[in-house]
1. Out of the stretch 43-60, which residues are surrounded by fewer than 13 Cβ atoms within 10 Å (Cβ to Cβ) and under 12 Å from the mean Cα position of the chain (by Cα)?
2. For the stretch 9-42, how many residues are loosely packed, with under 12 Cβ neighbours inside 10 Å and closer than 16 Å to Asn58 by Cβ?
3. Kindly indicate whether Arg6 is at pLDDT below 90, surrounded by 11 or more Cβ atoms within 10 Å (Cβ to Cβ) and among the basic types (Lys, Arg).
Amino acid sequence: MTALARPTNGRMIGGVCAALGRRFGLSATTVRIAAVVSCLLPGPQILLYLALWFFLPNEKTSTRHAW
């Protein structure tokens, strides 16, 4: 399992679904469909998505400077 961080590539809105998919070994599309379907049910899903978007860090990319 990888660390929970929003990827810089492959994200659509905030990268939360892509991050959850990578973390749990699922495709980002599967997690996105589950997120949209869950928003049809009563509950705080949208608030949870916004909180994860705010609190999850961006994935760090290794950038080396050739000096």
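The values are calculated or read from the model by the stated rules, or taken from the named source; none is laboratory data. These figures come from a predicted structure and were not determined experimentally. Neighbour counts are summed over all protein chains in view; Cβ atoms, including those assigned to glycine, are modelled from backbone coordinates with ideal geometry.
1. Of everything in the stretch 43-60, those that are surrounded by fewer than 13 Cβ atoms within 10 Å (Cβ to Cβ) and under 12 Å from the mean Cα position of the chain (by Cα) turn out to be Ala51, Phe54, Phe55, Pro57, Asn58.
2. The number of residues fulfilling the criteria is 3.
3. yes
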